[in-house]
Amino acid sequence: MNKYFVLVPKEGKCCPESLSEGILHTQFNPLDPFAPQETDAGEWSKYMHGKTNLPSEFWFVTRERCYDFDFRWDSGGFMLSEQFIHLLDKHHVDNFECAKLNFVNRKGEFVTTKKYFYTKFFNPLDIINYDKSQIIFEKQGYIKKVIDLCFNDVNTPDLFVLKEWIFFNKLFCTEKITKEIESLKLRGISFIPIEKYGNVSN
């Protein structure tokens, strides 16, 4: 049976844990780069893990001086480096769509030398073994807190998302992927075994 992990952001130089110092746009407005725009809230932004038509290009305007991570989640999607996208392709993960993502400062100057893509996954998996997992539920039946996770013994892709809403911003993987990410020296990523999911920050 596979060992599974959840990918979590790791803080480091040019790898902030969150992207709270920026805003995502579908076009760059040099007159007021941090102001929300009408096109920022298109149909594409309303789907958690559903197939949709992404804009051709995104602009993330930030106050940070540099970015050098390979994996983050923000603004309703995963922000992945070109090298991470190649990893998905290598392992035949094809249930995602992506669009070019430009990380720039308020002057429109790039704050990274890497190429990035705003990425949304679809066809999430329904594989949680609720009998073996330790999960606290609300009275209405919604998941309130996850202490540890156990998946059913089924074949899965090497990288995937889960169906339950509480995991909307989490990407899961097999042990094979953790070793490859470490071998490739992808930055700003750490891994927590799913049986220790309670240690994951939302």
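Among beta bridges identified by DSSP and lying wholly in the chain, the antiparallel ones come to about 85 percent. The fraction of accessible area contributed by carbon and sulfur in the chain is 48 percent, rounded to a whole number (1.4 Å probe; ligands and nucleic acids excluded). Of all the options 136, 189, 127, the one that moves most in a Gaussian network model of the chain with Cα springs shorter than 10 angstrom is 136. Just checking the listed ones, 163, 51, 179: in the Gaussian network model of the chain with Cα springs under 10 Å, the one fluctuating most is 179. Database remark: amide H of residue 189 closer than 5 angstrom to the amide H of 10 (H placed geometrically; neighbours at sequence offset of 5 or more, or on other chains; Pro and chain starts carry no H). For the residues 15, 150, a 1.4 Å probe over the protein chains yields an accessible-area ranking, largest first, of 150, 15. The value obtained for region 1-97, namely the Cα convex hull volume divided by the number of residues, is 130 Å³ per residue. Summarised in one figure, the compactness ratio Rg/Rh of the chain, Cα atoms and Kirkwood Rh, is 0.97. Protein heavy-atom accessible surface, 1.4 Å probe, per residue over the chain: 55 Å².
First select every other residue whose beta carbon is under 10 angstrom from the beta carbon of residue 115; then total the charges, Lys and Arg +1, Asp and Glu -1.
Charge balance near residue 115 sits at +1.
Ratio of Rg to Rh for region 18-72: 0.98 [Cα atoms; Kirkwood radius as inverse mean 1/r over pairs]. Surface calculation, 1.4 Å probe, protein heavy atoms: residue 142 sits at approximately 130 Å² accessible. Applying a DSSP loop filter and a limit of 15 other Cβ atoms within 10 Å to the trypsin sites (Lys or Arg not before Pro) in region 8-49 leaves 10, 13.
As a length-normalised measure over Cα pairs under 8 Å and 6 or more apart, the relative contact order of region 1-92 settles at 31 percent. Given +1 at the Cβ of Lys and Arg, -1 at the Cβ of Asp and Glu and no other charges, the dipole of region 12-148 around its Cα centre is 200 debye to the nearest 20. Under 5 Å from the amide H of residue 106 lie the amide H atoms of 62, each residue being 5 or more positions distant or on a separate chain, with H modelled from the backbone and absent for Pro and chain starts. Relative to one another, the C-alpha centroids of region 123-202 and region 22-47 are positioned 30 Å apart. When the chain is treated as a GNM with alpha-carbon contacts under 10 Å, the residue of 115, 90, 170 showing the greatest mean-square fluctuation is 90.
The values are calculated or read from the model by the stated rules, or taken from the named source; none is laboratory data. This is a predicted model, so every value here is computed, not measured. Glycine gets a Cβ as well: all are built from the backbone with ideal geometry, and neighbour counts include every protein chain shown. To get the accessible areas, we keep the full protein, side chains included, count just its heavy atoms, and leave off ligands, DNA and RNA. Shrake-Rupley method; radii C 1.70, N 1.55, O 1.52, S 1.80 Å.
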